[in-house]
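S.K.: Quick one: the structure is below, questions incoming.
Since every read-out is calculated from the coordinates, none of them should be taken as a lab result. The model shown is predicted, which means the values in this text are computed figures rather than measured ones. Don't worry about glycine lacking a Cβ; one is built from the backbone with ideal geometry, like all the others, and counts go over all protein chains shown.
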Amino acid sequence: MTPVLAVTNLTKRFGAFTAVDDVSFEIAAGASVGIVGESGSGKTTLARMIIGLETPTTGSISCCGNDRSAPARSTRARRARARETQIVFQDPYASLDPHQTVRQALTEAASLHIADRRDSEARVRELADLVAIDERQLASVPKHLSGGQRQRVAIARALAAGPRVLVLDESVAALDVSIQAQILNLLADIRDRTGISYLFISHDLAVIRQVTEYSIVMRTGVVVERGDTETLLRTPAHPYTQALLASVPRPGWKPSRKERSDRDAPDTD
């Protein structure tokens, strides 16, 4: 079966610095793949290449059977790519127009891909139902919504084009644990209902375990380990993956207090 997304030997250099080094993986239709690593591991640079915000130095990207190795140049090409791949970022407030209501934001996104106004309005109602946004929230501007509600709006707007792949770049990292759980359950429901594929980028191993079947571990731009998510996190082979797991707080964990030395004392001169 042809994968919905195939990344082959992808490399990105910024001058002498290599942010992503020879990364390859595939995502099947309806699958959820995780990319995990600390800040600076190359996760976000990889995501930006996949959605066309960065151009790979070498390697290729194929989505829905189309070569997407280079950013789209025309409006028509950008819209075609948008119907294949979309992204949800960590901070929805930064990506939403503070002056637009939710309904206006979703209508604008839907209208880019649906010419008929009545069909566009129907699509907005469908999206609102998909992410559990009610009429009051549709009439609100972003500042009147909670963080979780804003992320629901960001997800709905990304889904407006009907993409085959949704890239989620630390999309629940800014939310508290209870709201994280709600959004992750919502994403699971959306995948069940639509058959969309996810590329879930996170430093949080608990999140990766909950929402993905296959995972890739990156360190300084290089893939150091990959495999079935549950097996990889239960019996990691690479020391870096082992270190990531060891750093996860366990029940009863308490932060240690650093002993204060003379060097830490305030300057009283």
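S.K.: Using only the alpha-carbon atoms, how far is helix 147-159 inclined from the longest principal axis of the chain? Give it as 0 to 90 degrees, nearest 10.
M.R.: Computed tilt is about 50 degrees.
S.K.: Something else: For the chain, calculate the relative contact order in percent as a whole number, restricting contacts to Cα pairs under 8 Å that are 6 or more residues apart.
M.R.: Relative contact order here is 24 percent.
S.K.: Treating the beta-carbon of each Lys and Arg as +1 and of each Asp and Glu as -1, no other charges, what is the dipole magnitude of the chain about its Cα centre, to the nearest 20 debye?
M.R.: 520
S.K.: Which whole number in µm²/s is D for region 92-162 by Stokes-Einstein, with the Kirkwood Rh taken over Cα pairs at 25 °C and 0.890 mPa s?
M.R.: This corresponds to a translational diffusion coefficient of 210 µm²/s.
S.K.: With label points built 7 Å along Cα→Cβ from the Cα atoms of R118 and R73, find their separation and express it in nm.
M.R.: The modelled label-to-label distance comes out at 4.0 nm.
S.K.: Given [x] 34, 19, 16; [y] 33, 26, 19; [z] 27, 20, 19 as candidate values of semi-axes √(5λ) of the Cα gyration tensor in Å, which corresponds to the one derived from the coordinates?
M.R.: Computed from these coordinates, semi-axes √(5λ) of the Cα gyration tensor in Å corresponds to label [y].
S.K.: Give me K143, K12 sorted ascending by neighbouring Cβ count inside 10 Å, so fewest comes first.
M.R.: Taking fewest neighbouring Cβ atoms as first place, the list is K143, K12.
S.K.: Continuing with the same structure: Give the distance, in whole Å, between the Cα centre of region 6-75 and the Cα centre of region 127-188.
M.R.: Spelled out, the Cα-based centre of one part sits 24 Å from the other.
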